[in-house]
Amino acid sequence: MRTRRWLPYALLIPGILWLAIFFIAPMFNLGATSLYDPNGSLDTGYRMTFHVANYGDALSQYYPQFLRSFSYAGIATISALIIAYPLAYAIAFKSGRWKNFLLVLVIAPFFTSFLVRTLAWTAILGDNSTFVHFLHTIHLLGPQGRILATPVAVITGLTYNFLPFMTLPLYASLEKIDPRLIEASSDLYASAFTGFRKVTVPLSLPGVVAGTLLTFIPASGDYINATLLGQGARTSMIGNVIDSAFLVRLAYPLAAALSFMLMAAIVGIVIFYIRRAGTEELV
Amino acid sequence: MPTATSTRSPSQPVLKTPSQIHRARVWFRSHLILLVGIVVLGYMFLPVFVVVALSFNEPKSRLTYTFDKFTFNNWLHPCQVGDMCTAVGTSLKIGILATIGATLIGTLMAFAIVRHRFRGRAVTNLLVFLPMASPEVVMGSSLLTLFVAAKFPLGFWTILIAHIMFCISFVVVTVKARLAGLDPRLEQAAMDLYADEWQTFRRITLPLVMPGIVSAALLAFSLSFDDFIVTNFNSGSTVTFPMFVWGAAQRGIPPQVNVIGTAMFLFALTLVLISQLLGARRRRRLG
Amino acid sequence: MAQAESVGGDLQLVHLTKMFATFTAVDDLNLVIPKGSFFALLGPSGCGKTTTLRMVAGLEEPTSGQIMIGEKDISFERPYRRPVNTVFQSYALFPHLDIFENVAFGLRRRKVKEVKSQVEAILSLVELDGFARRMPAQLSGGQQQRVALARALINKPEVLLLDEPLGALDLKLRRQMQIELKRIQVEVGITFVHVTHDQEEAMTMADTIAVMNGGKVEQMGSPTELYENPRTTFVANFLGQSNLISGKVFERSDDLGVELYGNRIRVPRSRTSSNSDSLWVGVRPEKINITLADRPIPAANVIPGVVTDASYIGVSTQYLVKTAWSEELMVFEQNLLNSGARPGDSVNLSWDPAHTFALDANQDVDAGVEVPEADS
């Protein structure tokens, strides 16, 4: 058969061009913007002065928001893992012929708009909600205590909103496990819990890695939950800062430096994490 | 029937049935995880119930977000609030165009990656993966700096460009998965039976990959329709539905927002259930 | 953790029954498997052999009945507390652990000391020295099979269960592993319970075979006993092939006189498993002499017929011979004594009364014929 060498390139050109112009080029432009002279403005234009100090300024001013973003996202990721694992496990091993139906149910809640369902959480966690009254009654929360406008509310929202990104990869890797392996472990003197720890968990590790990344990355850049559920500067995340620096204060060089650092930090975390998980997989 | 077994009988009477308590414990042990799973599903549906309930709410003031009084009014007059339906219309328009664009571009890419060996495959895969691994704020803000630098006016078209950009990767991944699961011998068999490349593609490959393309398109549409962060950076004065909700959250939320939320949920659920049923029928037919 | 402390003794299944919804997979099974024997459960798919094995392993709970090892009742013991290990069908090796860790898995769970020396010893028993640090995916089917065996054996169980252990191997390798398994069993002296649908595999390895059908044991005995003297049509057809001819008893003396469509033949009483007067008279195809009609007849039981088909297959020639009542009988003639019979020739089929067996006529004559060889 005659091979057409040009064919793959022809198929790729539209996609590669689109991504190069609207994803890669903007990243470089963002990098460039972050080095502009901060004294310019959108009207007068910015001068390129390789002003590296933008990064120092951004970091010293906003490191609390950076730390907050990563810790909120980290806690939300771990919570999502704890919530999603039993669900994915039940669907993979215990659902029989209801498997497909249950998978639909997992994604169904996320068909409602992201913002609308986050607003629903403001009703669930609001000061006059049944849930908060209940917490008052059992004295888990002081009489003046609130959930809304606290870090707990933001983390609750982040956990909830990115749950499918955790559940689906977990399910995919659990579903591939041959149930006979678990039988084999119990035949070889492993109790149900030991079998889970020594066989199921290590074999589902690729799903855990994929799920945690897919949850952590969007959660650390998110600012919808912080705005709607956190409702104030005490819970504002790095996304809030970048948004207002670009769109309200129009401080482009500073905003670009923040945005660029977020990207760099995430790339760093991802690489570190994949390396670690990769070596653990072999142990 | 002669069986050659002589039972060396143990001392007790032999027929032994496990106790009820033992049975209950076994049942509980094997169903515990399923019960936990159902509780988690309940948690996932909690906000949906709230959205549905609030779509029938007549709030005392626009600034409260609690259930006050039952009404059908929001469903009967969804467009009572100025601008909301315009925003939904804009979102639909952008969603449909972005879906068409991203599905076309992404499907072509997926075919190239799965079906062809070429130089630069690894780089291409990385290029596809990166947008999925980038936080939306970074994508949105970097694109904004580009449009500003190029003096490109922000609005409908910049939103569309951005949406196509972040949908492409998801389309590629979805179609790729379907294509990779396709037995290449089917295509070889078609060529053996006198179909040329184009006919093989048209009659064999495309129909078999179609379910993958359809789910990719559905995914692209829901990503586009639901996007807030990237849109927020590149919208200029154009208002999509999520942006309308964002604005309303500062000024007071009209209950009609929940009508749209409920309708989206029902519409998507119906669509998915239909496709599941069709898929099940198809699988039965194909054996 | 229950170490396989020496409870010792035979494996006994007492009135063992397993029902799934409305289907009875194992029906009131009674078996005694002597300690140290190589025992095979043989039967077609769906006969209940795998369910029986899984109940012994603890992976399935009996609906009623008991499983005993020696004097200890293990019927409802958790799988990981039983002195029983399994070689799983298609092995179930842990893909994320190397060979060493796969084999050491059971020892580590029981917190046994000196793991390394034991693993090395068992790997050398199955001739896999030097493979300890490979991953399962890097091994061939035969090697994986040995790892699965080593992983179970290292725990020195009272009973080793083998679930179609050679099913995934090709024919040549299967033969080789049959001999190997037998050698290892003799060497370690552990009770092996082997589940298979392959009669040749069962006969090569086992001391005792129980043929199962429909959740029950049809017949149990040594391979020779089962083959030479089957007691049901199912066993007669499932183990090798049999010619079964309908007959009526006309005389009872030291042996039985049976008339087969006008031909009178003799059957020893010891080879008759029914008191009824109507019987299935059976004879194995290789026990029959085939001689042209005008030649002397070498044996006492005789039936005339006409050759309809002859296939030369190397070790033997296989004939189909049509009788006067239109039944086609099968004859395997060793290619040492060539009768020269060709299709269309009139022949006499004759055999020794000692090679004849008789079964109750109240059974399906085709039971056990052409059972599809599928995994159960």
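The values are calculated or read from the model by the stated rules, or taken from the named source; none is laboratory data. Being a predicted model, the structure only gives us computed values, none of them experimental. Positions of Cβ are generated from backbone atoms using ideal geometry, with glycine treated the same way; all protein chains shown enter the neighbour counts.
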Scan region C:130-146 for residues that are surrounded by fewer than 15 Cβ atoms within 10 Å (Cβ to Cβ), within 32 Å of the chain's Cα centre (by Cα) and in a loop (DSSP other than H, G, I, E, B) and report the count.
-> 1
Tally of residues being within 21 Å of B:Leu219 (Cα to Cα), of a type outside the set (S, T, N, Q) and crowded, with 19+ Cβ neighbours inside 10 Å across region B:61-103 | 7
All conditions in (1) closer than 30 Å to A:Ala10 by Cα; (2) outside the structural domain of B:Phe233 (by TED's automatic domain parsing) are true of B:Leu97 except (2)
Out of C:Leu260, C:Leu256, C:Leu279, C:Leu244, sole residue that is in contact with a Phe, Trp or Tyr (Cβ under 8 Å, 6 or more places away or on another chain) and more than 14 Å from every other protein chain (Cβ to nearest Cβ) = C:Leu244
Just one of (1) crowded, with 23+ Cβ neighbours inside 10 Å; (2) farther than 24 Å from A:Arg180 by Cα trips up C:Asp10, so point out which.
-> (1)
Quick check: anything in region C:76-99 out of contact with any strand residue (DSSP E or B) (no Cβ under 8 Å at 6 or more places or on another chain), in a helix (DSSP H, G or I) and either away from chain A (no Cβ under 14 Å) or under 27 Å from C:Arg183 (Cβ atoms) (or both)?
-> yes
Within region C:248-255, can one find any residue that is surrounded by 20 or more Cβ atoms within 10 Å (Cβ to Cβ) and touching a helix residue (DSSP H, G or I) at 6+ places or on another chain (Cβ under 8 Å)?
-> no
Where a residue in region A:167-195 is within 14 Å of chain C (Cβ to nearest Cβ) and its partner, wherever it lies, is assigned to a loop (DSSP other than H, G, I, E, B) and of a type in the set (Gly, Ala, Ser), with Cβ under 6 Å and at least six apart | A:Arg180/C:Ala92; A:Leu181/C:Ala92; A:Ala184/C:Ala92
Given C:Thr196, C:Thr191, which one is more than 8 Å from the chain's Cα centre (by Cα), buried (at least 19 other Cβ atoms within 10 Å of the Cβ) and hydroxyl-bearing (Ser, Thr, Tyr)?
-> C:Thr191
Can you tell me which residues in region A:30-59 are surrounded by fewer than 12 Cβ atoms within 10 Å (Cβ to Cβ) and among the aromatic types (Phe, Trp, Tyr)?
-> A:Phe50
Please verify whether region A:137-153 includes one or more residues that are of a type in the set (Gly, Ala, Ser), surrounded by 18 or more Cβ atoms within 10 Å (Cβ to Cβ) and within 14 Å of chain C (Cβ to nearest Cβ).
-> no
Pull up region B:210-235, narrow it to residues that are farther than 23 Å from B:Ala263 by Cβ and more than 11 Å from chain A (Cβ to nearest Cβ), then point me to the one that is surrounded by the fewest Cβ atoms within 10 Å (Cβ to Cβ).
-> B:Met210
State whether one or more residues within region C:170-180 are touching a residue at least 60 places away in the same chain (Cβ under 8 Å) and either surrounded by 22 or more Cβ atoms within 10 Å (Cβ to Cβ) or in a helix (DSSP H, G or I) (or both).
-> no
Does region B:115-161 hold any residues that are at the interface with chain A (Cβ under 7 Å from one of its Cβ atoms) and farther than 17 Å from A:Phe23 by Cα, and which are they?
-> B:His116, B:Phe118
Give just the number: which of (1) more than 20 Å from B:Phe221 (Cβ to Cβ); (2) surrounded by fewer than 21 Cβ atoms within 10 Å (Cβ to Cβ); (3) assigned by TED's automatic domain parsing to the domain that holds B:Phe166 does B:Ala112 not satisfy?
-> (2)
